[in-house]
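**Q** Got a structure for you, written out below as structure tokens; questions coming shortly.
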Amino acid sequence: DHMSMNMTEINAALEAMTRFARIWLRQSAKDGSVSATDVISCKALLPVWETGMTVTIGEYATYNGDVYKAKNAHVSNENPDIDATNWEPVTENADPDFNAKSAVDSLKSQQAATDSAVLGLMNMMLGV
């Protein structure tokens, strides 16, 4: 069945889209083309803060479920919630209805439904 994607292909496509989304979000957040609200809504795509991470000015990271923005380029050695010299909390309200996992699950089910509909239509057209 060459018209439908198997789960391995779907997962590979979703992983590629996630990698692209991470790159896009990091760049767009740094250059200011997305709002803090959007950054918070997509925080699952941000890197998790860890000791020793190298960050540049304007880069975002999560820590204990909160989003922080780097105020300075530095190698991070203190938790962002206590390192006010290098980090500032991002506090705009995110869209409470946005859920990244639900969005991905919805895409998966839409793809399955589309595959099924296309296959059904082809079978009907071919008289199978």
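The values are calculated or read from the model by the stated rules, or taken from the named source; none is laboratory data. Values in this document were obtained by computation on a predicted structure and should not be read as measured data. All Cβ positions, glycine included, derive from the backbone under ideal geometry; neighbour counts span all protein chains shown. Remember, those area values only see protein heavy atoms, side chains included, never the ligands or the DNA or RNA. Shrake-Rupley method; radii C 1.70, N 1.55, O 1.52, S 1.80 Å.
**Q** When the residues of region 31-59 are narrowed to those that are in contact with a Phe, Trp or Tyr (Cβ under 7 Å, 6 or more places away or on another chain) and of a type outside the set (A, V, I, L, M), which ends up farthest from Asp81 (Cα to Cα)?
**A** Ser41
**Q** State whether one or more residues within region 35-47 are among the acidic types (Asp, Glu) and either without any contact (Cβ under 8 Å) to a residue 12 or more places away in the chain or in a helix (DSSP H, G or I) (or both).
**A** yes
**Q** Of everything in region 49-68, what is surrounded by 15 or more Cβ atoms within 10 Å (Cβ to Cβ) and in a strand (DSSP E or B)? Give them in sequence order.
**A** Scanning region 49-68 gives Val55, Tyr60, Ala61, Thr62, Tyr63, Asp66, Val67, Tyr68.
Okay, residues lined up against (1) open to solvent by less than 40 Å² (accessible area, probe 1.4 Å); (2) closer than 18 Å to Leu45 by Cβ; (3) at pLDDT 90 or above; (4) not in a strand (DSSP E or B):
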{"residue": "Pro80", "(1), (2), (3), (4)": "yes, yes, yes, yes"}
{"residue": "Glu88", "(1), (2), (3), (4)": "no, no, yes, no"}
{"residue": "Thr91", "(1), (2), (3), (4)": "no, no, no, yes"}
{"residue": "Ser109", "(1), (2), (3), (4)": "no, no, no, yes"}
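**Q** Just to be sure, is Ala73 at negative phi, of a type in the set (Gly, Ala, Ser) and open to solvent by 40 Å² or more (accessible area, probe 1.4 Å)?
**A** Numbers: at negative phi: yes; of a type in the set (Gly, Ala, Ser): yes; open to solvent by 40 Å² or more (accessible area, probe 1.4 Å): yes.
So Ala73 fits the description; yes.
**Q** On to the next question. Consider Lys43 carefully, then state whether it is among the basic types (Lys, Arg) and at pLDDT below 85. Break it down stepwise before answering.
**A** Working: among the basic types (Lys, Arg): yes; at pLDDT below 85: no.
Criteria not met by Lys43.
**Q** I need the full set of residues from region 1-44 which are open to solvent by less than 40 Å² (accessible area, probe 1.4 Å), under 22 Å from Ala70 (Cβ atoms) and aliphatic (A, V, I, L, M), in order please.
**A** Scanning region 1-44 gives Ala21, Leu25, Ala29, Val34, Ala36, Val39, Ile40.
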